[in-house]
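What follows is a short report on a single structure.
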Amino acid sequence: MASLTPSMRQFSTCLRCVRQVPSANGAQQRLLSSSAAAREEVRAQPTASSTPPPPPQSASDASAASVQEVPEFMQKWGKLDPETVENKKQERRLLRREGVQPVGSRRRRAALRMSAVRKTEEIPFEQLPYQCFQEARKFLQEDRQEKLKEIKTQQQRIQATAESNASVQSKRDRIARMKMHLNDLIIAADINDPVVKRKFEDGQGDMNKPIYRHLAEKKWREFKRKVLEQRVTQLSVVPDLLGSLDLVADIDLSFGRKTVAPGDFVESDISEKMPTLHVQTFTPGEKLVTVAVVDADVPVPQEDGFTTRCHFIASNIRISPSETSIPLQRIAEDDRKSTDDKKVALPWVAPWAHKGAPYHRLAVVVLEQDQAKKFDVSKLSTIERDGFNLRSFVGSQKLKPLTATLFRTKWDESMAGVLERAGLKDQASIEFKRKRVEPLPYKRRTERMR
């Protein structure tokens, strides 16, 4: 029976080939020659004589065209109400044609549709004529009244502590702990209310209220945050760009109507336009944030490695639990029109990659500004794009990372047109090709014997 143990000579050869040189911060240094698509030779070759694709339409023109040019087969689907669609087929059609998500659970939508068909009188949710339901509501109301009394007592204690003669530091620490307990009481007073749960499930909750922020954060941490943290870690945004990252806010990235999951590949003609971010915070109050988009995989063939490039920086962007949208395209347009209160420090540069090079990771990082202080954007505009160090930028500007996501790009059919419109036509003719590696002497003899 043949042995299943591999040859130690082969193992030592493989280990010698894949061994990587550690960098200064202890992490393994990524080499251009040992990347997934190794390229060492840079040759200037004329690209194919194909006409580059036309520039993409603006967001307003595209949305108007999509409304006017609904395909005929979609018009045959009839009216689709997000309140009453009750099966998977109708839900897919609603999302495909209208771009709208259904409201609430499928059981609730089916009940609403049947009520509309039978023309039954609509009864408020809290007045449903079920004895067990009403008895449970009475018990929950009594518990809520007890919590409200505790809330009132806690508020009086906070006021008494603030008026006491204790030292400033002890009063500050004690009041902070008491306010945390007060916030827990406010959440406990409403967390069992069926009306609150129904509004949250239907997406109608007011995020300025602690209970809805608590429910939203709990739901986010159960699954979505784990996926985002996994992608950010597996694709080495940490530690390649940031030393550490504690995700405390939800983030969604979209280019037009295309929602991009963390780590997805995005076509170059789509990423040529600026994306829209939706950042959901779970702490009260407004924040001023800075958004930075950094390419972590700019190849440097002379050094057999990679460097970074900054594609976009905008500061002094206001967000809150109820204001989550960061439309970078609209911010840039408003910046061009206004003479003061500038927000864009480095304008958007479309992500691009050379033909044959490994994929590029584009990290989108949201950074909280210290004490909501406004930055002087004119000073940030002097930052060099090539070799941009995100760690140094965060440290020098006293920023705190809130959340981050990323997408990837690589050479595709429309990349030549993107480079031409960006004024980088000379880069379109550069192609990375794999360098032929000569076999070891003993392998050469084996090949001749064959």
task = May I ask you to evaluate 6.51 cos²θ - 1.76 cosθ + 1.60, the Karplus curve with θ = phi - 60°, for each residue of the stretch 186-202 and list the ³J(HN,Hα) values in order in whole Hz, giving x for glycine and proline?
result = 4, 5, 5, 5, 10, 5, 9, 6, x, 5, 4, 5, 5, 4, 5, 5, 8
Reachable lysines from Lys443, criterion Cα separation under 26 angstrom, eight or more residues apart if same chain = Lys433, Lys435
ask   = From the residues Ile319, Leu367, Ser414, which one has its Cα farthest along the dipole of the stretch 304-450 in the positive direction, the dipole being from +1 and -1 charges on Cβ of Lys/Arg and Asp/Glu about the Cα centre?
value = Ser414
Under Karplus coefficients 6.51, -1.76 and 1.60, residue-wise ³J(HN,Hα) of the stretch 246-255 in Hz, glycine/proline x = 9, 6, 10, 9, 7, 9, 10, 10, 8, 10
request  = Report the extension gain between Asp334 and Asp206 in nm, rounded to one decimal, defined as 0.36 nm multiplied by the number of residues separating them, less their alpha carbon distance.
outcome  = 43.2 nm
request  = Apply 1/(1 + (r/R0)^6) to the Cβ-Cβ distance of Glu267 and Gln134, taking R0 = 41 Å, and write down the FRET efficiency to the nearest 0.05.
outcome  = 0.15
ask   = Between Arg385 and Asp412, what length comes free when the chain is fully extended (0.36 nm per residue of separation minus the Cα-Cα distance, one decimal in nm)?
value = 7.4 nm
ask   = Among the listed pairs Lys171/Lys287; Lys149/Lys197; Lys138/Lys287; Lys342/Lys425, which are separated by more than 32 Å between their Cα atoms?
value = Lys138/Lys287
ask   = Do any trypsin sites (Lys or Arg not before Pro) in the stretch 372-438 lie in a DSSP loop with no more than 16 other beta carbon atoms within 10 Å, and if so, which?
value = Lys373, Lys374, Arg385, Lys398, Arg434, Lys435, Arg436
task = Report, ordered by chain and residue number, the aspartates and glutamates lying within cross-link reach of Lys224, taken as a straight Cα distance under 19 Å and ignoring same-chain residues fewer than 8 apart.
result = Glu201, Asp202, Asp246, Asp250, Asp252, Asp264
message = Around Arg177, under 13 Å between beta carbons, what's the net of Lys plus Arg minus Asp minus Glu among the other residues?
response = +3
query = Looking at the stretch 245-305, which trypsin sites (Lys or Arg not before Pro) are DSSP coil and have at most 11 other C-beta atoms within 10 Å of their C-beta?
reply = Arg257
message = Rounded, prolate or oblate, given the Cα gyration tensor of the stretch 86-191, with a/c below 1.5 counting as rounded?
response = oblate
ask   = How far is it, in nm, from the label point at Glu229 to the one at Lys88 when both lie 7 Å from their Cα along the line to the Cβ?
value = 3.1 nm
request  = Please give the residues of the stretch 281-320, grouped as numeric ranges, whose backbone N is less than 12 Å from a label point set 7 Å along the Cα-to-Cβ vector of Ser236.
outcome  = 296-298, 305-307
request  = Compute the FRET efficiency between Arg96 and Lys219 as 1/(1 + (r/R0)^6), taking r as their Cβ-Cβ distance and R0 = 45 Å, and round to the nearest 0.05.
outcome  = 0.95
Sites Ala111 and Arg257 - FRET efficiency at Förster radius 51 Å, r taken between beta-carbons, to 0.05 = 0.95
task = Report the full-extension gain for the segment Asp304 to Asn165: residue separation times 0.36 nm, less the Cα-Cα distance, to one decimal in nm.
result = 43.5 nm
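Rule-based calculations on the coordinates, nothing more; no lab input. No experiment lies behind these values; they were computed from the predicted model shown. In this analysis, Cβ positions are derived from the backbone assuming ideal geometry, glycine residues included, and neighbour counts consider all displayed protein chains.
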